[in-house]
Every structure is written in structure tokens, then in C-alpha cells.
């Protein structure tokens, strides 16, 4: 049995694994994809820390920017902890060998991202997340941390409100396994995959960890808050980093009109672009004036992506863009020690809601959260494991239940193609649960989701094989997506106001009297979705 099992091998999961290992715990990492394919690799712009290497900065300014962007939905104590530990996080990453871009004096280079009061984001060209991820993975391999790669999470095993492990499908064999652990850290990523076809995220971000956590007895909070990145490639939805705007890129419409300040927060820029698109305008990102030498030195990935997926060269062409779903602020509700409502089950990274992003995440804070809170979660999970003995997960009925469920899926009637339903889900979410929302649209999507829930027994799989059956895991993913979609919509319908990334056409103003500092909560009781509203403690 592991002391600490990490679910998810991205930035947050690897930071948690390294911290737990440093604390003396026996650690393993479980993930449905290999760590280098995790979503962290797509974080291009930078990681925030008030170092003041380029211009004067302070921790207090970082805190103020984060709180302002969060629109009263952040816990100031957690924000302060995040920002105060940021310089230490950069020093730790630097010590591991992260190849940050450098100034002439050798110090880590910094750039300004949207919503920041200065140049605070440390970066590695426009590959920041990728280079941090590879550095962390190398460190984990050197430390001898074990990996359960290509293991698809099914559920958490819980005995008397204490986690004792997980059930998972070993994708290579198709076998359902129970893996025991004294404590578990969920770092499984977000749920922007609900917007399939309209997201910067990989197809793996289907919210499996959140859905499993809700089934295990955890509370989810603020699911209605999804950040839309303003500059994704128009045809593919692939991210063009905020670093392009931080470097001086301009957003213009088809008539060449400059209609928005590029360095406002992402919710403001995305809304301005959406309004242009709804008026029939085309929208472009213009970085031509930066020059080829600068683009090749600082934005090489953006140039490659634009050439490959749009057939334009940013050195001499405008880049056609649109806003798409990018980051999910809501997640598994955790306390200030990063523990969920289930004892021994911790959560960190994008799957968790540690109350630091609130209504709109500040650009550059996501990578910071993965490091600071990932390490804290790992340390706390290791301490929990030291204090508590083990309970065999084999004694739990969860394993038998999940093994029987997986065995039964090939016998489902398969009258309805769930792939068509999944693509349809992405389209109606983008249109009706997107940048601008209203009650009629939200309720219409909720009725569709509840119909999908009823139809699930009539959906199935064509591939009956056991080995690497992606048809099987994608069907289970779809079930998780539908489960999360219902909870997210209930929160969005109930929040009758506009705040940050949640913009209601029928309630266009922030309502601090009713919703200021108030969080939406969702959980399951006997399989039934429950919902309530709660202010900060």
C-alpha cells in the first residue's frame, strides 16, 4: 500500500509527489495519460512571482491584482499564502533546472500578463508550462517515484468517510484494479472538455477526478466559473499565448479597428471579442510590428501554431482568433490544508477550488498554484499518512461494483451514438453556457443534459476488446461529463448576476448584496444532486 497516491501526473500532481517524497512518504502517481501529455504543457505565458527583476513589484501588489480579478470570491488568506510563497516557488523550480528565459544579468526574465499591474510572469519563451512539466517529471524519475501510467480512474474507495485508495482500469490489459493508499491527492485537471471543439484543452480534460470526488462524498464549488481565453486560433481553438499580447500584440477587427485594451483581464477581453463576432465582424491578433527577430526569440511556438493550423505567418499576417473555454475556476471544495470533505483525500491544481481564482483567474496564477498548493497538498497528505494506519481497499464493495460495471458496458444496447452526443454537448455549451448566458439558454441545456442521463443505458460501445479499449474509457468519460454538466448548470442558473467570467445577459450587473463572497456548492446524496449557496467562512 502506498503512503500517498497522486491521481494526475501534470504540474500539480508532480509537485505533490515530489513534496510527499521529500517528506519521507512512499509515493506513486496514477494517470490516464503519461505525464508529459498533461494539460500543464499548454500553459505558455508564464508563472507569477513578485521578484521585481524587470520593474518594481511587491507581494502586496500581486495580492491586490489577484483579489481584484476574483471579484470577491477569493479567500484573502489563501491568496496571501499563494503570493508570498511565489518567489520561493520560482527559486525551487530554478534549482531543479527549469530553463527560464534570462535577463542580461542572468536573472529570470519577467513579462506582463493581462490583469497584472506590472511585469510579474516568469517565463521560458512561450513554452513555460511545457518546460516546467518536463523538469518536474525528470525530478520525479530521479527520485524513484513510481508511475501507474495509462490507468483510468474510476472511483475513490471510501470507508467511513476516509479514503483508502482508488479503483482504476489498467488500459493496457483492460483489468479493473484496486490500488490502496493511506492518503490520496487528486490533481486530475479541470473540466473544460465539456466544451469539446471549443476549448484550448486536450480531449483528456473531462473532469473525471471531480465526478469521482462528488460520488465519493466531496463537495464541488463554483462550477459555473469557466474562463474563456480571448486568443485561440479561429479554426482549431488552439491557444495563442497571452504572452503575445503582453509583448505588445494588438487585437483588431476586420476593418482594422482597435476595440479593446489587450491587457485587461481575460473575461473583459473575451467579452469584447465575442460582441464583435456576434456583430458579424472577424477578429485578429496583430503581432507583425514586433518583428521577426523578436517573434522567433520570444514567441516561436505561436508562430509555428499559426502557420500550421491557420496557414498564416504572424511575421507578415494577421492571426484570426476567437475566445474559447480555457480554464475552470470551480472544482473540488477544499479547506485551507487542501483536504476535501473526505478524510485523507486532498485536491490541488485545476481540479480543486482553493478559493484563489474566484470569478476570474489572473493570468500567470495557474502555474503558480500548481507549484505552491501542489507542494502543500503533497506535504499534508504525507503527514496524514504518517498519522493514520491503513485499511485494505479489497474489503470495500467499491472494487466489485466497478469491476461489474466495466464488465457490463459491452452489453449495453448501443442504440445511441454517444460520440454524436458528446460533440453536440460541446456545441450547446459554447453557445449557451459560454461567455454570455441567459436563463432560457441555460435551462434549455439542462433539459438536454437530463435527457442524456436518461439515455445513457441506451448508449454503449462498438469495441468489445479488453486491451487499450479507448472506446470504453471514452464512454465512461462521457458519463462523467454529463454528471458534471448538470451540477455546473444548476449553479449557473442560480447565480442571477454577472460576475467575472459568469456573464448573464438577463442579469448584467454584479449583485454584491446577494452574491458578494458567496459560493455555489454541489454534492450528491444517494445519487441525487444537491445544491446550496454559502459565503466564505
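The values are calculated or read from the model by the stated rules, or taken from the named source; none is laboratory data. For clarity, every value in this text was computed on a predicted model and none was experimentally measured. Cβ: placed from backbone, ideal geometry, glycine included. Neighbour counts: every protein chain shown.
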Discussion item. Which residue is modelled with the lowest pLDDT, if the candidates are limited to region 216-250 and must be surrounded by fewer than 23 Cβ atoms within 10 Å (Cβ to Cβ) and out of contact with any strand residue (DSSP E or B) (no Cβ under 6 Å at 6 or more places or on another chain)?
Written reply: 247
Item to complete: For region 181-198, enumerate the residues that are in contact with a strand residue (DSSP E or B) (Cβ under 6 Å, 6 or more places away or on another chain) and more than 16 Å from residue 17 (Cα to Cα).
Response: 190, 191, 192, 195, 198
Worksheet, complete the sentence: Given the conditions (1) out of contact with any helix residue (DSSP H, G or I) (no Cβ under 8 Å at 6 or more places or on another chain); (2) surrounded by 24 or more Cβ atoms within 10 Å (Cβ to Cβ); (3) not in a loop (DSSP other than H, G, I, E, B), every one holds for residue 68 apart from (2)
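Collect the residues in region 412-430 that are within 28 Å of residue 508 (Cα to Cα) and crowded, with 16+ Cβ neighbours inside 10 Å, keeping them in residue-number order. Talk me through it step by step, then tell me what you get.
The first filter runs over region 412-430 and keeps only residues within 28 Å of residue 508 (Cα to Cα), leaving 424-430.
Once the filter is applied, which keeps residues that are within 28 Å of residue 508 (Cα to Cα) and crowded, with 16+ Cβ neighbours inside 10 Å, region 412-430 yields 425, 426, 428, 429, 430.
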Worksheet item: Do the conditions hold for residue 479, that is, is it closer than 20 Å to residue 196 by Cβ and at pLDDT below 95?
Response: no
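If you go through region 176-192 one residue at a time, do you hit one that is crowded, with 24+ Cβ neighbours inside 10 Å, in a helix (DSSP H, G or I) and out of contact with any helix residue (DSSP H, G or I) (no Cβ under 8 Å at 6 or more places or on another chain)?
Of all residues in region 176-192, those crowded, with 24+ Cβ neighbours inside 10 Å come to 181-192.
With the extra rule that they be in a helix (DSSP H, G or I), the set shrinks to 192.
Next, only the ones that are out of contact with any helix residue (DSSP H, G or I) (no Cβ under 8 Å at 6 or more places or on another chain) stay: 192.
Yes, that holds for at least one residue.
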